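Presented below is the structure to which this report refers.
The values are calculated or read from the model by the stated rules, or taken from the named source; none is laboratory data. For clarity, every value in this text was computed on a predicted model and none was experimentally measured. FYI the Cβ positions are ideal-geometry reconstructions off the backbone, even for glycines, and counts take in every protein chain you see. Areas reflect the complete protein model, heavy atoms only, side chains present, ligands, DNA and RNA absent. Shrake-Rupley method; radii C 1.70, N 1.55, O 1.52, S 1.80 Å.
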Amino acid sequence: MADVAGEAAVIHQRIAVSFEYPVCFTRNAFAPENPVLTEVVARREPARRHRVFPMIDEGVARRHPGLPARIQAYIAAHPDQLALAAPPHPVPGGEAAKNDPAVLDGLLGRLQAAGMDRQSVVLAVGGGAVLDAVGYAAAITHRGVRLVRMPTTVLGQNDSGVGVKTAINAFSAKNYLGAFAPPFAVVNDFDFLAALEARDRIAGIAEAVKVALIRDAAFFGWLEGAAPALTAFRPAETERMIRRCAELHLAHIAGCGDPFEMGSARPLDYGHWAAHKLETLTHHELRHGEAVAIGMTLDANYAVRVGMLAEADYRRIRGLLARLGFRLWHDALARPGQHGKRAVLAGLDEFREHLGGDLTITLLTGIGRAVEVNEIDTALVEEAILALERDDRAP
Ligand SMILES: NC(=O)c1ccc[n+]([C@@H]2O[C@H](COP(=O)([O-])OP(=O)(O)OC[C@H]3O[C@@H](n4cnc5c(N)ncnc54)[C@H](O)[C@@H]3O)[C@@H](O)[C@H]2O)c1
Ligand SMILES: [Zn+2]
């Protein structure tokens with residue numbers, strides 16, 4: 001194509017930006033002699049001092065009295081590389097961090113007051129919700145200040161904390177506002193997990209089951225064998241589960257060809273269309289992982305109904321999730337919605353609207369084998385819901 005002056009009328013622009021970040025596994029990260037955090041913060045400019053602003057999940061701080069002081073002492077113990085940009089700032093724990101717009105405003109105000117620049121580091125210590133909220137604030141401040149995530153939950157360490165997304169909830173929709181913003185580094189400190197409530201420990205295992213189901217049948221088999229150790233929260237098996245799950249998530253993000261989800265597929269969100277809707281319908285009474293366990297069971301039951309998945313595989317999936325301690329039913333599944341359909345089915349439209357394009361749902365054709373489908377028969381989803389209710393009542 002040429003315009004009247006003979007010049008090209010279209011200049012095709014192409015930009016490739018690559019990201020790299022370490023995901024470290026350690027213990028007692030704030031022991032002054034532990035070099036991991038200092039090394040990852042200073043890795044690009046080792047001769048310089050780096051300003052660090054710690055932001056701490058209040059739930060974590062409650063269970064770890066003295067944590068803010070230990071973080072300050074750690075920074076003080078590495079004066080050549082680290083400097084405190086502002087005293088540790090507490091952030092409400094759990095979904096409240098993502099639901100309340102005042103939390104985001106507060107975070108942005110603190111970042112501004114501390115004079116954070118694009119090479120300063122926000123150190124987010126907390127569960128997936130706090131990491132999401134702090135990550136979003138960091139992503140939109142100066143178009144992105146460096147974020148070091150220190151996830152303190154199973155789910156944070158094996159899934160949400162290691163990926164490239166941040167978000168908060170808005171307009172009654174989960175993750176409505178957000179940004180793709182890879183972290184500067186991730187430091188997984190296993191010692192944080194000991195103080196987690198049993199419910200939160202178990203909830204995070206749902207994401208390991210998910211990634212095994214879509215990617216790795218051998219890992220699924222391992223999870224079946226390790227289920228008693230995982231529910232007892234034995235450190236060796238728990239840490240192996242977290243590491244393998246994080247590895248599979250990272251490999252997917254790096255190798256899928258669409259890390260920022262420009263297309264319509266979200267394979268890592270297997271079981272999530274119903275899960276996100278259930279979280280909203282229950283006003284977050286269900287934990288994310290608990291909702292994902294129900295969503296995966298529902299989609300596996302549906303896959304049997306459309307002839308994609310063997311009944312025996314469905315029983316294995318259901319059996320593993322039940323043995324891990326998940327209840328695979330919530331009354332919100334039965335709640336009526338608009339047009340005579342159940343309320344949860346609106347999750348399909350919201351899932352499609354989030355990405356645009358065709359509805360794309362990940363379903364299983366076997367354990368470790370996933371495919372994308374573009375149509376869902378809602379009458380069969382209704383049947384699958386009834387089946388989940390029946391199974392829940394079965395002795
Ligand atoms: N960005 C992503 O890619 C991504 C992926 C998956 C999930 N998520 C999000 O992650 C959130 C769920 O995260 P979660 O499962 O980590 O739960 P959470 O962040 O909601 O935390 C649950 C509770 O545990 C407390 N807590 C956290 N760490 C603790 C510790 N070490 N000891 C004691 N208490 C502790 C918190 O204060 C909170 O009360 C959801 O909002 C979900 O949407 C994000
Ligand atoms: Zn999830």
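Got at least one residue in region 295-311 being touching a Gly at 6+ places or on another chain (Cβ under 6 Å), open to solvent by less than 30 Å² (accessible area, probe 1.4 Å), part of a helix (DSSP H, G or I) and within 11 Å of ligand 1 (Cβ to nearest atom)?
No; the residues of region 295-311 include none that is touching a Gly at 6+ places or on another chain (Cβ under 6 Å), open to solvent by less than 30 Å² (accessible area, probe 1.4 Å), part of a helix (DSSP H, G or I) and within 11 Å of ligand 1 (Cβ to nearest atom).
Exactly one of these conditions fails for P183: (1) outside any loop (DSSP other than H, G, I, E, B); (2) closer than 26 Å to H272 by Cα. Give me its number.
It fails just one condition, (1).
Going through region 104-122 one residue at a time, which ones are free of Cβ contacts under 8 Å to residues at least 40 places away in the same chain and assigned to a helix (DSSP H, G or I)?
Those that are free of Cβ contacts under 8 Å to residues at least 40 places away in the same chain and assigned to a helix (DSSP H, G or I): D105, G106, L108, G109, Q112, A113.
Only residues that are more than 14 Å from ligand 2 (Cβ to nearest atom) and part of a strand (DSSP E or B): list them for region 171-180, please.
A173, Y176, L177, A179, F180, listed by residue number.
Restricting attention to region 129-165, and to residues there that are among the polar types (S, T, N, Q) and under 24 Å from R201 (Cβ atoms), which single residue is farthest from ligand 2 (Cβ to nearest atom)?
Checked region 129-165; the qualifying residue farthest from ligand 2 (Cβ to nearest atom) is T152.
Taking G221, is it out of contact with any helix residue (DSSP H, G or I) (no Cβ under 8 Å at 6 or more places or on another chain), closer than 25 Å to E372 by Cα and part of a helix (DSSP H, G or I)?
Yes, satisfied.
Which of the residues belonging to region 296-318 are small (G, A, S) and touching a residue at least 12 places away in the same chain (Cβ under 8 Å)?
A300, A303, A310
Name the single residue, out of those in region 205-216 being of a type in the set (D, E, K, R) and open to solvent by less than 10 Å² (accessible area, probe 1.4 Å), that is farthest from ligand 1 (Cβ to nearest atom).
Checked region 205-216; the qualifying residue farthest from ligand 1 (Cβ to nearest atom) is K210.
Residues checked against (1) closer than 18 Å to A310 by Cβ; (2) modelled with pLDDT of 95 or more; (3) surrounded by 14 or more Cβ atoms within 10 Å (Cβ to Cβ):
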site: E350; (1), (2), (3): no, no, yes
site: G356; (1), (2), (3): no, no, no
site: L359; (1), (2), (3): no, no, yes
site: T362; (1), (2), (3): yes, yes, yes
site: R369; (1), (2), (3): yes, yes, yes
site: E372; (1), (2), (3): no, no, yes
site: V381; (1), (2), (3): no, yes, yes
site: P395; (1), (2), (3): no, no, no
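Return yes when A322 is among the hydrophobic types (A, V, I, L, M, F, W, C), exposed (fewer than 15 other Cβ atoms within 10 Å of the Cβ) and without any contact (Cβ under 8 Å) to a residue 24 or more places away in the chain and no when it is not.
Considered against the rule, which asks whether it is among the hydrophobic types (A, V, I, L, M, F, W, C), exposed (fewer than 15 other Cβ atoms within 10 Å of the Cβ) and without any contact (Cβ under 8 Å) to a residue 24 or more places away in the chain, A322 comes out as no.
Report yes if some residue within region 348-355 is part of a helix (DSSP H, G or I) and touching a Gly at 6+ places or on another chain (Cβ under 9 Å); otherwise report no.
There is at least one residue in region 348-355 that is part of a helix (DSSP H, G or I) and touching a Gly at 6+ places or on another chain (Cβ under 9 Å).
What are the residue pairs meeting all of these: first residue in region 243-269, first residue farther than 18 Å from A206 by Cβ and open to solvent by 20 Å² or more (accessible area, probe 1.4 Å), second residue of a type in the set (S, T, Y) and within 16 Å of ligand 2 (Cβ to nearest atom), Cβ atoms under 8 Å, and 6 or more apart or on different chains?
Short answer, once both residue conditions are applied: A265/T362.
Considering region 123-149 alone, what residues qualify as being assigned to a helix (DSSP H, G or I) and surrounded by fewer than 23 Cβ atoms within 10 Å (Cβ to Cβ)?
A139, I140, T141, H142, R143
Within region 325-341, work out how many residues are in contact with a helix residue (DSSP H, G or I) (Cβ under 8 Å, 6 or more places away or on another chain), open to solvent by 40 Å² or more (accessible area, probe 1.4 Å) and not aliphatic (A, V, I, L, M).
6
Go over the candidates I202, I168 one by one and state the one that is crowded, with 20+ Cβ neighbours inside 10 Å and outside any helix (DSSP H, G or I).
None of the others qualify; the one that does is I168.
I want to confirm something. Restricting to region 281-294 and keeping residues that are assigned to a helix (DSSP H, G or I), open to solvent by 10 Å² or more (accessible area, probe 1.4 Å) and over 14 Å from G347 (Cα atoms), which single residue is farthest from ligand 2 (Cβ to nearest atom)?
Among residues in region 281-294 that are assigned to a helix (DSSP H, G or I), open to solvent by 10 Å² or more (accessible area, probe 1.4 Å) and over 14 Å from G347 (Cα atoms), the one farthest from ligand 2 (Cβ to nearest atom) is E290.
When residues of region 52-74 are filtered for being open to solvent by 40 Å² or more (accessible area, probe 1.4 Å), assigned to a helix (DSSP H, G or I) and not polar (S, T, N, Q), how many remain?
Total satisfying the criteria: 7.
State which residue is surrounded by the most Cβ atoms within 10 Å (Cβ to Cβ) when the search covers only region 152-165 and only residues that are over 15 Å from L268 (Cβ atoms) and more than 7 Å from ligand 1 (Cβ to nearest atom).
Q157
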